[in-house]
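Here is the structure we will look at.
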Amino acid sequence: MLVREFLERAKNGEIDYADFYEKFYSHVKELQREYEFFITIADFAYFTNTKRSPPLYGLPISAKDNLCTKGLQTTAGSLILKGYLPPFDATCIAKVREAGGAIIGKTAMDEFGFGTFTTNCAYAKPKNPIDPSRSCGGSSGGAAGFVAACKYPTIALAESTGGSISCPASFCGVVGLTPTYGLVSRWGLIDYACSLDKIGCIGKCVYDVALLLSIIAGHDPRDQTTLKVEQRDYTVFTRRKPKHIKTAIPKEYLENVDQRVERAFWRAVKQAEGEGMLSYDLVALPSTKYALTSYYLIATAEASTNLAKFCGMRYGYSLELEEDFNSYFSRVRGEAFGSEAKRRIILGTFARVRGYRERYYLKALKVRRKIIEEFKHVLMRFDCILAPTMPILPPKFSEIEELSPIEAYQCDVLTVPVNLAGLPHISLPCGSAVDDGTSLPVGMHVICDHLKEGKLISIAAKLESCFGVWHEKTRD
């Protein structure tokens with residue numbers, strides 16, 4: 001049963017909620033034993049305590065573990081927040097509850113979003129349901145993996161800083177939508193980098209993510225970065241498919257991409273072109289080569305200040321106080337932060353130090369502005385930009401263990417530029433490629449201009465009608 005069918009049946013009073021919730025909850029437990037998609041699964045009473053009102057009618061929704069949920073453990077994937085029970089809901093969680101959604105649990109993520117493969121989590125290492133020896137991607141790996149594996153209707157709340165929605169969506173063969181920066185309130189989000197964090201959605205198809213975006217988007221007086229834009233029903237755009245799409249494909253986004261990924265991407269482009277859906281031109285985004293370095297300077301600088309409040313005093317992990325406070329803070333942070341978190345705190349602190357701030361951090365901000373200008377220049381002439389979502393296929397855990405930190409960072413090369421620019425984008429499955437005898441999904445990035453979510457969704461829905469829903473095509 002798809003989300004759309006569930007909503008229609010619920011609207012007509014055809015859902016036996018007691019039976020549905022019991023079967024759904026049992027299925028979640030089974031998937032957890034096999035794949036470890038969740039850090040915390042809500043107890044049954046918490047899960048079923050929902051209004052079941054329109055427009056969600058009691059639809060199960062999972063939430064990434066950096067979104068605060070009142071009374072439900074929220075750890076951001078870190079040991080330093082173990083046992084933390086927020087006394088409030090994040091704005092997006094509150095909106096989902098008000099819309100009739102049922103929160104099933106908190107999905108696994110890299111610690112504070114620091115990672116590309118969800119292997120930097122203190123509690124779980126979610127396995128890709130297509131091949132359990134492979135990663136779901138990150139940092140919203142648990143969210144994408146659960147949506148892909150779940151046989152019942154569900155949608156996931158996720159979050160992206162440098163590609164944490166698009167990457168796992170691509171690796172798991174589902175749809176990931178990251179909105180314009182500021183369209184969705186970040187109030188109640190445990191921050192990684194305040195100027196980059198964006199809350200979005202992961203679903204099996206474009207309609208699902210459009211539905212959830214309709215609920216969570218909108219101005220919030222508690223978050224001064226939210227934009228004062230009109231609340232919209234984005235699902236209507238899944239029916240307003242454009243007759244023809246004028247697309248740009250950046251040459252830089254095809255460099256150093258696995259040949260199997262590139263072939264699958266071009267097959268999809270040629271298929272859509274052959275059906276008269278689109279035309280394309282190759283374009284240049286020359287500042288792309290500086291994006292990765294700029295991103296890690298900006299993001300880690302912001303992270304190093306955001307994580308300063310986690311010291312073992314207010315909430316989460318704590319120890320017996322046996323020395324002065326500075327020594328205590330160092331001991332708590334030394335024990336409770338993972339190696340990747342420590343690495344990024346050190347890098348971010350270095351980037352903010354006098355002398356290095358002018359030499360590196362301020363230059364990174366200038367590069368960011370240049371990247372935005374190049375995107376805007378291209379999107380003035382084209383409806384959207386198309387590119388492969390990830391340069392690689394979903395890697396095996398054994399392959400990830402052999403990567404150096406720099407090699408792991410380089411896997412973000414295609415998702416970082418659009419996130420630096422704060423542009424809305426969708427990753428949708430456009431084909432597949434074979435690795436070690438397994439057919440794996442390949443994602444396509446669709447990128448539009450700021451606040452053009454309606455246009456983005458209509459284009460993605462048009463392309464989805466051409467490529468199909470990956471998990472429907474691969475179903476036994």
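The values are calculated or read from the model by the stated rules, or taken from the named source; none is laboratory data. Worth saying up front: this structure is predicted, and the values here are computed from it rather than measured. Neighbour counts run over all protein chains shown; Cβ positions are idealised from the backbone, glycine included.
Please determine whether any residue of the stretch 103-111 is assigned by TED's automatic domain parsing to the domain that holds Ser170, of a type in the set (Asp, Glu) and surrounded by fewer than 24 Cβ atoms within 10 Å (Cβ to Cβ). Even if it seems obvious, please write down each step before you answer.
Within the stretch 103-111, the subset assigned by TED's automatic domain parsing to the domain that holds Ser170 is 103-111.
Narrowing the set further to residues that are of a type in the set (Asp, Glu) leaves 110-111.
Filter once more, so that each one left must be surrounded by fewer than 24 Cβ atoms within 10 Å (Cβ to Cβ): none.
Looking for residues that are assigned by TED's automatic domain parsing to the domain that holds Ser170, of a type in the set (Asp, Glu) and surrounded by fewer than 24 Cβ atoms within 10 Å (Cβ to Cβ), one finds none in the stretch 103-111, hence no.
When you go through Ala99, Ala90, Ala76 one by one, which is the residue that is touching a helix residue (DSSP H, G or I) at 6+ places or on another chain (Cβ under 8 Å), assigned by TED's automatic domain parsing to the domain that holds Val184 and closer than 21 Å to Gly162 by Cβ?
Criteria check complete, one pass: Ala76.
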**Complete:** Expected output for the stretch 376-392 (first residue within 16 Å of Pro417 (Cβ to Cβ), partner assigned to a loop (DSSP other than H, G, I, E, B) and at pLDDT below 95, Cβ below 7 Å, 6+ apart or cross-chain) is Pro391/Asn256
**Item:** Residue selected from the stretch 46-71 under the condition of a type in the set (Lys, Arg) and assigned to a loop (DSSP other than H, G, I, E, B), by the criterion nearest to Tyr207 (Cα to Cα)
**Value:** Arg52
**Fill in**
Quick count over the stretch 179-214, residues being of a type in the set (Asp, Glu) and under 18 Å from Ala460 (Cβ atoms), is 1
**Request:** Considering only the stretch 72-81, state which residues are within 12 Å of Cys121 (Cα to Cα) and in a loop (DSSP other than H, G, I, E, B).
**Result:** Thr75, Ala76, Gly77, Ser78
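Determine which member of the set Cys201, Cys194 is surrounded by fewer than 24 Cβ atoms within 10 Å (Cβ to Cβ), outside any helix (DSSP H, G or I) and assigned by TED's automatic domain parsing to the domain that holds Gly422.
Cys194
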**Item:** Among the residues listed as Leu297, Leu292, Leu347, Leu282, the single one being outside the structural domain of Ala408 (by TED's automatic domain parsing), surrounded by fewer than 13 Cβ atoms within 10 Å (Cβ to Cβ) and touching a helix residue (DSSP H, G or I) at 6+ places or on another chain (Cβ under 6 Å)
**Value:** Leu282
**Prompt:** So which residues in the stretch 11-45 are of a type outside the set (S, T, N, Q), touching a residue at least 24 places away in the same chain (Cβ under 8 Å) and outside any helix (DSSP H, G or I)?
**Reply:** Ile15, Glu36, Phe37, Phe38, Ile39, Ile41, Ala42
